[in-house]
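These notes are about the structure you will find just below.
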Amino acid sequence: MKYALALWALLLSGCFAGGSGAAMKSVQAADEPLHSVVVKAGQIEVGVISRGCTRRQDFEVVWKEPNRLTIVRLRPDHCRRMPFVKQLVLALPKAGHDWVVTNPLVAAPHKRPGKAPTQ
């Protein structure tokens, strides 16, 4: 009986320790689907889905050799606003003309007639 109680206590302590805040904060970065891509001098402007809390700092430009570029979302947007396409301008860390964006491109969401596009 003592062993059963000790085992039960050990299992419960492991469950509570596994749900600690430090373990929950680790988020894996993911390639972001893009709604638009515009390349300007030393910058790339991309359209991404936002729910109201998306910021430029939530994204990173990653170069994959030899000539592949990926836009990665570092922090998810957990706000509850209706999703919309937000334009973000990111710096290109490397100059060059022969590269490919590896993110998936998706169609723009349905737009209501008479509404101006949001920036």
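The values are calculated or read from the model by the stated rules, or taken from the named source; none is laboratory data. Nothing here was measured: the structure is a model prediction, and the numbers come from that model. With ideal geometry, Cβ positions are generated from the backbone for all residues, glycine too; neighbour counts draw on all protein chains shown.
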> For the stretch 57-106, how many residues are without any contact (Cβ under 8 Å) to a residue 24 or more places away in the chain and among the aliphatic types (A, V, I, L, M)?
Replying inline: 1
> Given (1) assigned to a loop (DSSP other than H, G, I, E, B); (2) modelled with pLDDT of 90 or more; (3) within 22 Å of GLY42 (Cβ to Cβ); (4) not hydroxyl-bearing (Ser, Thr, Tyr), where does CYS79 come up short, assuming only one miss?
Replying inline: (3)
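Within the stretch 82-101, which residues are closer than 15 Å to VAL39 by Cα and not in a strand (DSSP E or B)?
Hits for the stretch 82-101 are LEU92, PRO93, LYS94, ALA95, GLY96, HIS97, ASP98, TRP99.
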> Within the set of pairs 6+ apart or on separate chains, which have a first residue in the stretch 34-56 that is free of Cβ contacts under 8 Å to residues at least 60 places away in the same chain, a second that is among the basic types (Lys, Arg) and surrounded by fewer than 12 Cβ atoms within 10 Å (Cβ to Cβ), and C-beta atoms under 6 Å apart?
Replying inline: ARG51/ARG81; GLY52/ARG81
